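**Student:** Sharing a structure, written as structure tokens. Questions coming.
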Amino acid sequence: RSFLIHSTYSTDTKSREENKKTIESLYRLSVDIKKIRRLKEWVLLQDVAYVKEIAGILQEMGADETAVANILERCPEAILHTPAEINSQRALWQLVCQNEKQLIKLIEQFPESFFTTEHHENQKANILFLQQLGLKNNIITRFLTSAPSIFYNPVEKNKNVIETLQRNYLSLGGSDANMKIWILKLLSQNPFILLNTSTAIQENLEFLQQNDFTDHEVLQLLSKLKGFIFQLTSTTMQKSMLFSKNVFKCSDQELKQLVLKCPALLYYSVPVLEERLEGLLKEGISVAQIRETPTVLELTTQIVQYRIKKLSALGYDIKGGTLESLNGTKKDFEVNYGKIQSKKERPIFNPVAPIHVED
């Protein structure tokens with residue numbers, strides 16, 4: 001985004017001097033000018049800047065001196081926007097923020113997202129559309145800060161994607177009653193779905209159906225993959241499935257069951273799967289064990305090595321048993337690890353066994 005803003009200003013910076021008025025104004029606000037010179041010096045070379053005005057708007061919203069300085073250090077291009085542009089953006093974000101206290105907190109954390117004003121009309125139309133769809137304001141604020149690019153598209157494009165998802169959900173056997181909940185959950189998990197085209201969504205769903213996944217199984221995969229399936233292509237999915245089929249030496253039907261058990265086999269590219277598989281084999285784990293618990297391929301090689309090391313320290317031999325103890329999130333693993341640890345430390349004592357006392 002900084003590059004886009006930069007490109008709208010003169011790039012002939014070598015022959016130009018820093019704007020002394022801008023430097024002085026920033027200095028008065030205790031902004032680290034060296035930091036700006038190092039990261040975005042081009043901002044200091046522009047003829048027109050609105051340092052006092054932008055700082056004033058931020059202070060009006062409740063930012064103290066330190067907060068203003070931090071915001072301008074992290075996103076110095078903010079001073080190149082007119083006060084009118086920033087006030088429009090302020091009004092826009094207030095549509096989803098509870099109050100200005102929350103708004104200024106978000107600006108402190110995500111200044112670049114707030115100071116991207118080029119798509120103002122699209123941003124506004126998309127915020128209203130997402131509200132009409134039923135998304136809560138706290139989710140929309142999360143999108144504004146973590147996935148701002150979804151608001152830059154014309155609202156018609158985003159509506160088109162949602163309509164495609166709704167249509168496919170119903171054609172795959174989903175019910176009218178659950179459709180809204182399904183769409184909102186999918187969006188909450190992965191807002192970047194909106195960056196896809198309706199055609200790409202259609203093609204990927206057709207690919208799954210052509211590979212004998214039933215309508216119910218396709219819906220299952222969509223929910224498990226949190227919509228990330230739409231960021232793939234039929235070619236990459238085909239390659240990943242073929243790789244898994246060769247590794248596990250299984251039939252098409254067995255492969256389908258493995259994919260349903262572990263959608264990562266569909267989602268990750270061949271090089272990623274290859275690297276993770278090699279990492280497991282190096283630890284002495286067999287292909288048969290991986291086939292039994294394919295979800296272990298969702299973990300990076302580093303995480304697997306760390307977990308095996310921790311379990312080995314307890315005397316737990318991963319090579320001889322199931323890989324379930326390696327699986328899950330960090331929290332899941334810690335719970336399993338704790339159970340194994342307490343089992344190992346617990347003394348073997350049978351309260352009903354007879355006590356042998358020497359005479």
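The values are calculated or read from the model by the stated rules, or taken from the named source; none is laboratory data. Because the structure is predicted, anything quoted here is derived from the model rather than measured. So basically every Cβ, Gly included, is an ideal-geometry build from the backbone, and we count neighbours across all protein chains shown. Accessible surface areas use protein heavy atoms only, side chains included; no ligands, DNA or RNA. Shrake-Rupley method; radii C 1.70, N 1.55, O 1.52, S 1.80 Å.
**Student:** For the stretch 147-156, which residues satisfy the criterion of being in a helix (DSSP H, G or I) and either in contact with a Pro (Cβ under 9 Å, 6 or more places away or on another chain) or in contact (Cβ under 8 Å) with a residue 24 or more places away in the chain (or both)? Full working, then the answer.
**Tutor:** So the first thing to find is which residues in the stretch 147-156 are in a helix (DSSP H, G or I), and the list is 148-151, 155-156.
Once the filter is applied, which keeps residues that are in a helix (DSSP H, G or I) and either in contact with a Pro (Cβ under 9 Å, 6 or more places away or on another chain) or in contact (Cβ under 8 Å) with a residue 24 or more places away in the chain (or both), the stretch 147-156 yields Pro148, Ser149, Ile150, Phe151, Val155.
**Student:** Return the total of residues in the stretch 203-218 being buried (at least 19 other Cβ atoms within 10 Å of the Cβ) and in a helix (DSSP H, G or I).
**Tutor:** Total meeting the criteria: 5.
**Student:** If only one of Leu128, Leu144 is of a type in the set (A, V, I, L, M, F, W, C), part of a helix (DSSP H, G or I) and open to solvent by 30 Å² or more (accessible area, probe 1.4 Å), which one is it? Spell out the reasoning first.
**Tutor:** Working: Leu144 fails: open to solvent by 30 Å² or more (accessible area, probe 1.4 Å).
Going through Leu128, Leu144 in turn, the sole match is Leu128.
**Student:** Among what's in the stretch 101-125 and is in contact (Cβ under 8 Å) with a residue 40 or more places away in the chain and of a type outside the set (Phe, Trp, Tyr), pick the residue that is farthest from Thr66 (Cα to Cα).
**Tutor:** Pass one, the stretch 101-125, residues in contact (Cβ under 8 Å) with a residue 40 or more places away in the chain: 103-104, 107-108, 111-112, 115-116, 118.
Adding the requirement that they be of a type outside the set (Phe, Trp, Tyr) leaves 103-104, 107-108, 111-112, 116, 118.
Working: Leu103: 16, Ile104: 13, Ile107: 13, Glu108: 10, Pro111: 14, Glu112: 18, Thr116: 22, Glu118: 27 Å.
Filtering the stretch 101-125 for residues that are in contact (Cβ under 8 Å) with a residue 40 or more places away in the chain and of a type outside the set (Phe, Trp, Tyr), the one farthest from Thr66 (Cα to Cα) comes out as Glu118.
**Student:** Would you check if Tyr337 is among the aromatic types (Phe, Trp, Tyr) and assigned to a loop (DSSP other than H, G, I, E, B)?
**Tutor:** Details: among the aromatic types (Phe, Trp, Tyr): yes; assigned to a loop (DSSP other than H, G, I, E, B): no.
No: the conditions fail for Tyr337.
**Student:** Output the residue which, of all residues in the stretch 64-84 that are among the charged types (D, E, K, R) and under 29 Å from the mean Cα position of the chain (by Cα), is surrounded by the most Cβ atoms within 10 Å (Cβ to Cβ).
**Tutor:** As a first pass, look at the stretch 64-84 and keep what is among the charged types (D, E, K, R): 64-65, 73-74, 77.
Pick out the ones that are also under 29 Å from the mean Cα position of the chain (by Cα) and you get 73-74, 77.
Values: Glu73: 20, Arg74: 18, Glu77: 24.
Checking each candidate, the answer is Glu77.
**Student:** Given the residues Thr164, Thr199, which is the only one that is out of contact with any Phe, Trp or Tyr (no Cβ under 7 Å at 6 or more places or on another chain), open to solvent by less than 10 Å² (accessible area, probe 1.4 Å), among the polar types (S, T, N, Q) and part of a helix (DSSP H, G or I)?
**Tutor:** Values: Thr199 fails: open to solvent by less than 10 Å² (accessible area, probe 1.4 Å).
None of the others qualify; the one that does is Thr164.
**Student:** Could you list, in sequence order, the residues of the stretch 35-67 that are out of contact with any helix residue (DSSP H, G or I) (no Cβ under 7 Å at 6 or more places or on another chain) and outside any helix (DSSP H, G or I)?
**Tutor:** Asp47, Val48, Asp64
**Student:** Taking into account only those residues within the stretch 236-257 that are basic (Lys, Arg) and assigned to a helix (DSSP H, G or I), which is farthest from Ala288 (Cα to Cα)?
**Tutor:** Step one: list which residues in the stretch 236-257 are basic (Lys, Arg), which gives 239, 245, 249, 256.
Next, only the ones that are assigned to a helix (DSSP H, G or I) stay: 239, 245, 256.
On the way: Lys239: 21, Lys245: 13, Lys256: 17 Å.
Checking each candidate, the answer is Lys239.
**Student:** Given (1) surrounded by 13 or more Cβ atoms within 10 Å (Cβ to Cβ); (2) within 31 Å of the chain's Cα centre (by Cα); (3) over 22 Å from Glu217 (Cα atoms); (4) not charged (D, E, K, R), identify the lone condition not met by Pro271.
**Tutor:** (1)
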